[in-house]
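Each remark here refers to the structure printed beneath this line.
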Amino acid sequence: MRVALFLTCVNDTLYPETGKAVVKLLTRLGVEVEFPMGQTCCGQAHYNTGYRHEAEPLARRFAEVFREYDAIVTPSGSCGAMVRELYPRMGERARAEGRGDSLARTVAPVVPRTYELTEFLVDVLGVTDVGAWYPHTVTYHPTCHGLRSLGLGDRPRRLLAAVRGLDLVELPGADECCGFGGTFAVKNAAVSAAMGTDKVRNAESTGADVLCAADNSCLMHIGGTMSRLKVDMRPVHLAEILAGTEEDPSL
Amino acid sequence: MSSTFVGMPAFPEAARAAVDDPTLRGNLRHATHTIRAKRAAAVAELADWGGLREAGRRIKDHTLRHLDRYLERLEASVTAAGGTVHWAADADEANRIVAELVKETGESEVVKVKSMATQEIGLNEALEAEGIRAYETDLAELIVQLGKDRPSHILVPAIHRNRGEIRDIFTHEMAAWGRPAPGDLTDTPADLAEAARLHLREKFLRARVGVSGANFMVAETGTLVVVESEGNGRMCLTLPETLISVVGIEKIVPTWRDLEVFLQTLPRSSTAERMNPYTSMWTGTTDEDGPRAFHLVLLDNGRTDALADQVGRQALRCIRCSACLNVCPVYERAGGHAYGSVYPGPIGAILTPQLRGTASEIDASLPYASSLCGACYEVCPVAIDIPEVLVHLRERVVEGGPAVRRGNKVVLRPARGHAAERAAMRAAAWAFGHPGALRTGQRLASRSRRLHPRTLPGPGRAWSGTRDLPTLPPEPFRDWWQRTRGGKDAK
């Protein structure tokens, strides 16, 4: 099975450690992962802001870059949902606008082969205990697109529960949005900040020292809020927790 | 649509004021979280919720697809039952019809059942201009009317008020509208309800004209349906001699059988009750019982334009349960008034820009009043994919495109103020289409990382005003990958 890492433009540019963690984790599980250098961005920011036509060439590029792979793994529920849920929809819209089947046909092969990291681990590799060690108290925030668009369910929690040394504590109001929402954070900054503050206060109330999620965009917003509010907690991507072992620990 | 909200600032500005009001936020947080939990429990009781949701969606979609046929059927049924049907293309026409009908009775006051349609068209203000006073009889609507306020929730229009505020409104305002509040009024719910009861009883017993909306209209029999909790609505529907119902054309269902689905999903979604306390149904007129004259005003006001939109038309499935408001994290913080419409929250953010267009600043800002978290879609009992319609309307705002306005096909121009964003989006799309350019940009950014400010200029200020920016890593992942050949010699 040829497996490609779709890292996403945000992770590539701002959070390379998450990508390194995915490589380390999958390699440990016996998966040889490739990183196609032609990958850039899934187009979600464009699509969700109303620039569907600008997102179309990015969807085509994605489909071409990843066409040869049997599985495309991404450590982002949000970008995963873009491919799985919205690429087919973009294809349908193009067809409805009389522009033919070309987009729908181009994206069709990659849609069912794109997996969010926890889906790939649990559903494809069939593992929940990835042999990780992480001696911290962790609370988990299920990000909206992972929760509702992809329906990740309890997969992330099962993976976390199997990590040795990890104490998992429930986050009050876990399934409420943190307020990031891409350009929403800028266009409606006051509401976004209020939502972020509530999320951080809820996280703080758990006494955990780490807030974990499977999407760095949400973590950037939550972490930026924590830093501004001087809350002594760290935002950490799920992949980085799962990558750590006793011999080679994550921070 | 109503002129009530013209001149509203755009959503972000109005929302900022609400975010800074701790009383309002406290009231909203308490109310929405209470009903949210109750709704989830009421829905969980039904094993076939998913099936009911799908049935509701199908009935509504089928009816909308054949709306012309069912409306004609309804007209025939209502007429056969002794009622009169009036067609209103817009708010002005509907208001004119109602004012004429009231004048024909020789009356100068009417009692009203809570009605979103009459709020939408600004009926009370229009009647006032004709010398006719409209008394709201729903408790929450009464609070809004006495407080010279605006509704901020579909189901609980006074959700933004707490008990203390309501006592003050009753004490200071009731006398100007009829029976004054008792001098020693406390803020206990029973006392407040009793004051409202006494005040309203006068109105019910005196009124000779009632005005209502309807939750449903049954095409096969011409029957109208109102569901409510207080019984005040039933008083308005049965006591007056003339009843005028103003109803949006999308409220129609083909048969009585279809009601079965909605009478289960609506109360559970809205008030978290298994069944609403009062379900009133009326069909035309009956000798010696109820109103002697019945008029049905069928309101379009942008609905057929919305129906012409393949993606947006699903908003017309809405049964006004307000479950989407109660779960929306944005509504919870921004409050209902920020939406500048009688339809606030997620459904308002997709319905209002379709009914009113996106020409004004407030209407163009509504499709962005969401983080697209999807909680609204998850709870919607008729499965309206609100995030999908939001994104569709964003496209209309930033890129313009084909639409139908008053029955005519038009090509809308992009709303003003998006030129810089459009240029940035196009530049980003170009860079993402050229990995080399993207990489050069990443490297430049990484090398200059020590020079980056902690706060941003321009639109970015909105981010860095309340959150710290992440620090840029020394190298992007793709450089690390190439340097280490897939991490094989990485530590």
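The values are calculated or read from the model by the stated rules, or taken from the named source; none is laboratory data. Just so we're clear, the structure is a prediction, and the values are computed from it rather than from any experiment. Cβ atoms come from the backbone with ideal geometry, glycine included; neighbour counts cover every protein chain shown. The area values use the complete protein model at the heavy-atom level, side chains included, leaving out ligands, DNA and RNA. Shrake-Rupley method; radii C 1.70, N 1.55, O 1.52, S 1.80 Å.
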(message) Given the criteria under 24 Å from residue A:85 (Cα atoms) and at the interface with chain B (Cβ under 9 Å from one of its Cβ atoms), does residue A:105 qualify?
(response) no
(message) Need the failing condition index for residue B:286 against (1) within 13 Å of chain A (Cβ to nearest Cβ); (2) at negative phi, just the number.
(response) (1)
(message) I need the full set of residues from segment B:166-176 which are surrounded by fewer than 21 Cβ atoms within 10 Å (Cβ to Cβ) and touching a residue at least 12 places away in the same chain (Cβ under 8 Å), in order please.
(response) B:167, B:171, B:173, B:174
(request) Please enumerate the residues belonging to segment B:452-471 that are at the interface with another protein chain (Cβ under 7 Å from one of its Cβ atoms), in a loop (DSSP other than H, G, I, E, B) and among the hydrophobic types (A, V, I, L, M, F, W, C). (result) B:469
(message) Pairs please, first residue from segment A:7-25 and under 22 Å from residue A:160 (Cβ atoms) and of a type in the set (Lys, Arg), second anywhere and part of a helix (DSSP H, G or I) and open to solvent by 10 Å² or more (accessible area, probe 1.4 Å), Cβ atoms under 8 Å, 6+ apart in sequence or on different chains.
(response) A:20/B:480
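Here's the yes/no breakdown for (1) free of Cβ contacts under 8 Å to residues at least 40 places away in the same chain; (2) farther than 26 Å from residue B:245 by Cβ; (3) of a type in the set (Val, Ile, Thr):
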site: B:142; (1), (2), (3): no, no, no
site: B:146; (1), (2), (3): yes, no, no
site: B:180; (1), (2), (3): yes, yes, no
site: B:184; (1), (2), (3): yes, yes, no
site: B:189; (1), (2), (3): yes, yes, no
site: B:203; (1), (2), (3): no, no, no
site: B:213; (1), (2), (3): no, no, no
site: B:217; (1), (2), (3): no, no, no
site: B:225; (1), (2), (3): no, no, yes
(message) Please determine whether any residue of segment A:176-196 is more than 25 Å from residue B:421 (Cβ to Cβ), surrounded by fewer than 24 Cβ atoms within 10 Å (Cβ to Cβ), of a type in the set (Asp, Glu) and more than 8 Å from chain B (Cβ to nearest Cβ).
(response) no
(message) Name the single residue that is farthest from residue B:79 (Cα to Cα) among those in segment B:210-247 being of a type in the set (Val, Ile, Thr) and out of contact with any Leu (no Cβ under 8 Å at 6 or more places or on another chain).
(response) B:238
(request) Select from segment B:214-231 the residues that are open to solvent by 30 Å² or more (accessible area, probe 1.4 Å) and polar (S, T, N, Q) and write down the one among them that is nearest to residue B:266 (Cα to Cα). (result) B:215
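To keep it simple, each residue is scored yes or no on (1) touching a helix residue (DSSP H, G or I) at 6+ places or on another chain (Cβ under 9 Å); (2) open to solvent by 30 Å² or more (accessible area, probe 1.4 Å); (3) at the interface with another protein chain (Cβ under 7 Å from one of its Cβ atoms).
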| residue | (1), (2), (3) |
| --- | --- |
| B:387 | yes, no, no |
| B:393 | yes, no, no |
| B:406 | yes, yes, no |
| B:414 | yes, yes, no |
| B:417 | yes, yes, no |
| B:423 | no, yes, no |
| B:426 | yes, yes, yes |
(request) Tell me, please, whether a residue that is open to solvent by 20 Å² or more (accessible area, probe 1.4 Å), at pLDDT below 95 and at positive phi can be found in segment B:261-283. (result) no
(message) Just checking, does segment B:68-90 include any residue being aromatic (Phe, Trp, Tyr) and open to solvent by less than 60 Å² (accessible area, probe 1.4 Å)?
(response) yes
(request) Select from segment A:153-162 the residues that are open to solvent by 10 Å² or more (accessible area, probe 1.4 Å) and either outside any helix (DSSP H, G or I) or hydrophobic (A, V, I, L, M, F, W, C) (or both) and list them in ascending order. (result) A:153, A:154, A:161, A:162
(request) Among the residues of segment A:13-28, write down those that are open to solvent by 10 Å² or more (accessible area, probe 1.4 Å), under 10 Å from residue B:473 (Cβ atoms) and either within 7 Å of chain B (Cβ to nearest Cβ) or not hydroxyl-bearing (Ser, Thr, Tyr) (or both). (result) A:13, A:14, A:17
(message) Can you say whether residue B:342 is β-branched (Val, Ile, Thr), within 14 Å of chain A (Cβ to nearest Cβ) and surrounded by 20 or more Cβ atoms within 10 Å (Cβ to Cβ), as far as the supplied structure shows?
(response) no
(message) Considering only residues that are assigned to a loop (DSSP other than H, G, I, E, B) and open to solvent by 40 Å² or more (accessible area, probe 1.4 Å), which ones fall in segment A:75-126?
(response) A:97, A:98, A:99, A:101, A:108, A:109, A:112, A:113, A:125, A:126
(request) Would you point out the residue of segment A:35-46, among those that are facing chain B (nearest Cβ under 7 Å) and in contact (Cβ under 8 Å) with a residue 24 or more places away in the chain, that is nearest to the chain's Cα centre (by Cα)? (result) A:41
(request) May I ask you to say which residue of B:179, B:150, B:201 is open to solvent by 70 Å² or more (accessible area, probe 1.4 Å), basic (Lys, Arg) and assigned to a helix (DSSP H, G or I)? (result) B:201
(message) Tally up the residues in segment B:431-466 that are more than 29 Å from residue A:62 (Cβ to Cβ) and surrounded by 14 or more Cβ atoms within 10 Å (Cβ to Cβ), please.
(response) 3
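Every residue, every condition in (1) open to solvent by less than 60 Å² (accessible area, probe 1.4 Å); (2) in contact with a Ser or Thr (Cβ under 6 Å, 6 or more places away or on another chain); (3) of a type outside the set (A, V, I, L, M), yes or no:
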{"residue": "B:190", "(1), (2), (3)": "no, no, no"}
{"residue": "B:197", "(1), (2), (3)": "no, no, yes"}
{"residue": "B:212", "(1), (2), (3)": "yes, yes, yes"}
{"residue": "B:237", "(1), (2), (3)": "yes, yes, no"}
(request) From (1) part of a helix (DSSP H, G or I); (2) more than 26 Å from residue A:241 (Cα to Cα); (3) more than 9 Å from chain B (Cβ to nearest Cβ); (4) open to solvent by less than 60 Å² (accessible area, probe 1.4 Å), pick out the condition that doesn't hold for residue A:10. (result) (2)
(request) Return a yes/no flag: does segment A:50-64 have any residue that is without any contact (Cβ under 8 Å) to a residue 60 or more places away in the chain, open to solvent by less than 20 Å² (accessible area, probe 1.4 Å) and assigned to a loop (DSSP other than H, G, I, E, B). (result) yes
(request) Output the helices (runs of 4 or more DSSP H) that fall wholly within segment A:163-251 and possess 3 or more residues being of a type in the set (S, T, N, Q) and touching a residue at least 24 places away in the same chain (Cβ under 8 Å), or say none. (result) A:189-205, A:216-229
(request) Tell me, yes or no, whether segment A:200-215 has at least one residue that is open to solvent by 10 Å² or more (accessible area, probe 1.4 Å) and at the interface with chain B (Cβ under 10 Å from one of its Cβ atoms). (result) no
(request) Please give the number of the condition residue B:120 fails out of (1) open to solvent by 10 Å² or more (accessible area, probe 1.4 Å); (2) of a type in the set (Asp, Glu); (3) modelled with pLDDT of 95 or more. (result) (1)
(request) Collect the residues in segment B:365-378 that are more than 8 Å from chain A (Cβ to nearest Cβ) and open to solvent by less than 10 Å² (accessible area, probe 1.4 Å), keeping them in residue-number order. (result) B:366
